[in-house]
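**Student:** Sharing a structure here in structure tokens format.
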Amino acid sequence: AGGSEWDVHGTVEQVYRMDSSVSGDEGTTFDDSMLFNDASVTARRRSSISEIRAHFDGGYVQDFEDGSESEVDVDELYVDGRDRGQRFVAAVGRQVRRSGGIFGRFDGGLLGYRVLDWLRVNAVGGLASDYSTDDDVNRDRYLYGLSFDVGPFFGALSGSVYGIEQNVDGIVDRRAVGGALRYDERRLSAFGLRDH
């Protein structure tokens, strides 16, 4: 009682794919011979004062036909945490966000502080990360933003407003303000978003 509690869970998957074509003149030709190794693992530590979570989602593709094409793919790799009173929230690493004006993956950090029971202020910054075969960090695509989460009201209604800017090679790629409104209860769920 009162001590730390660990919970680790995840999935590991391995798939082998082989494609070949048969021709009367050339016989059998191997087109592809690949081994896909994927893992998704989450470790969570709970104590009387905080909750910390580490998450990895990615894999490794082994190409037996062309060894130079083998690659490691890191979709997500981050650590986040909060105090048990949920006044402070923080996350750092490669992560996916669908709030605060970020609609995808980025390499960076988020810091949130609950000013009032119904108001939390969040700051975010980092480097935008495309979903592609190139997993390098995009050092020329940075973003930063500020958001305010409000609610819940009446046990089911919450919302947020945000401002965000993203630059590519020093040129503004996206500058947006917007907000979201959510209603969520046991029998009904609704969501609205405005991004300008």
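The values are calculated or read from the model by the stated rules, or taken from the named source; none is laboratory data. All values reported here derive from a predicted model rather than from experimental measurement. Cβ atoms come from the backbone with ideal geometry, glycine included; neighbour counts cover every protein chain shown. We work out accessible area using only protein heavy atoms, side chains counted, and drop any ligands, DNA or RNA first. Shrake-Rupley method; radii C 1.70, N 1.55, O 1.52, S 1.80 Å.
**Student:** Size of the dipole of the chain about the Cα centre, Lys and Arg at +1 and Asp and Glu at -1 on the beta carbon, nothing else charged, in debye to 20?
**Tutor:** Dipole size: approximately 2200 debye.
**Student:** Among 91, 30, 11, pick out the residue whose Cα is farthest towards the positive end of the charge dipole of the chain, where Lys and Arg carry +1 and Asp and Glu carry -1 on C-beta, about the Cα centre.
**Tutor:** 91
**Student:** Let me ask something else. Once Rh for the range 89-196 is found with the Kirkwood sum over Cα pairs, what is the Stokes-Einstein diffusion coefficient at 4 °C and 1.567 mPa s, in µm²/s?
**Tutor:** Diffusion coefficient, whole number: 87 µm²/s.
**Student:** Before anything else, pin down the relative contact order of the range 44-190: Cα pairs under 8 Å, at least 6 apart, normalised by residue count, whole percent.
**Tutor:** Once normalised by length, the contact order is 14 percent.
**Student:** Out of the range 59-129, which GluC sites (Glu not before Pro) are coil in DSSP terms and have no more than 15 other C-beta atoms within 10 Å?
**Tutor:** Listed in order of number, the matching sites are 65.
**Student:** Considering only 43, 104, 177, whose Cα is most displaced toward the positive end of the charge dipole of the chain, charges sitting on Cβ of Lys, Arg (+1) and Asp, Glu (-1)?
**Tutor:** Farthest towards the positive pole: 177.
**Student:** To the nearest Å, what is the center-to-center distance of the range 44-66 and the range 119-196, using C-alpha atoms only?
**Tutor:** 23 Å
**Student:** Leaving ligands, DNA and RNA out of it, work out the accessible area of residue 196 with a 1.4 Å probe and give it in Å² to the nearest 10.
**Tutor:** 150 Å²
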